[in-house]
Amino acid sequence: MVVVQEESRAPYATDGTDVQGALKHHRTMALKRFAKRAAVFGLMWSQIFVTRTDYLLPIALVGFFGILVSSFLVWSALSWIRRCSRLFRTYPAVFRGPVQRISLERNNGFVIRLGSGGSGSPTLSGRNLSGKGWPASGDAGIWYAGDDLFGGAALVPVTGELLFMQPHDWPLTSEQRANAPADRIAKAGQAGIKGYVSLRS
């Protein structure tokens, strides 16, 4: 199948040939965001130790909690990138489209149904690692690595955003997963998608 796409807006190929470049870029951007925040909040926190002035305590507290929140955000971002990396190492990236967008959820989430997956393709819930909800450029199709019964990761053409997805009605498809071939279950375990993953974490 020949997939025609617009020129990439990302600093790496978004045609499914440079998944590692996408992962590296997202990892670097997450660390850069943390470094910028930590520099600002660290200065706010440390100035009370330098000046030893009590009236700067409120600013120092803001800096302290800012560092804590920033640390949690970078840990969360890197965790999602690791999940996607594990999926791309286990499954090949295959172009799936068109994508039927069903709804948009809170916390940059979405509910979709992938095309070219046969009549048994379940509805998938997901989150955009870039924090922008469902990307419009993904409507025509995405580079998907995973198993429809367990979930997967995807690279969006043109914009290069990373997505993580899993069956929307997880409990309703539990019997299908339990009855799946042993090698399919083992591969899902290797990819880290054998169990339910909270998309809000």
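The values are calculated or read from the model by the stated rules, or taken from the named source; none is laboratory data. Computed from a predicted structure; not experimentally measured. Note that we place each Cβ from the backbone using ideal geometry, even for glycine, and neighbour counts take in every protein chain shown. Side chains are part of the model used for accessible areas, which takes the heavy atoms of the whole protein and leaves out ligands, DNA and RNA. Shrake-Rupley method; radii C 1.70, N 1.55, O 1.52, S 1.80 Å.
Odds and ends about this structure:
- Test for residue 125: is it small (Gly, Ala, Ser), more than 23 Å from residue 13 (Cα to Cα) and open to solvent by 30 Å² or more (accessible area, probe 1.4 Å): no
- Cross-chain or 6+ apart pairs with Cβ under 9 Å, region 112-134 first and at positive phi, then at pLDDT below 75 and hydrophobic (A, V, I, L, M, F, W, C): 116/1
- Selection status of residue 177, in contact with a helix residue (DSSP H, G or I) (Cβ under 8 Å, 6 or more places away or on another chain) and more than 24 Å from residue 16 (Cβ to Cβ): yes
- Annotation: residue 72 fulfils all but one of (1) assigned to a helix (DSSP H, G or I); (2) under 30 Å from residue 140 (Cβ atoms); (3) without any contact (Cβ under 8 Å) to a residue 40 or more places away in the chain; the unmet one is (2).
- The single residue among 152, 133, 115 that is surrounded by fewer than 22 Cβ atoms within 10 Å (Cβ to Cβ), within 24 Å of residue 27 (Cβ to Cβ), among the small types (Gly, Ala, Ser) and out of contact with any His (no Cβ under 9 Å at 6 or more places or on another chain) turns out to be 133.
One line per residue, one yes/no per condition, for (1) open to solvent by 70 Å² or more (accessible area, probe 1.4 Å); (2) among the basic types (Lys, Arg); (3) in contact with an Asp or Glu (Cβ under 6 Å, 6 or more places away or on another chain):
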site: 10; (1), (2), (3): no, no, no
site: 20; (1), (2), (3): yes, no, no
site: 27; (1), (2), (3): yes, yes, no
site: 38; (1), (2), (3): no, no, no
site: 44; (1), (2), (3): no, no, no
site: 54; (1), (2), (3): yes, no, no
site: 91; (1), (2), (3): no, no, no
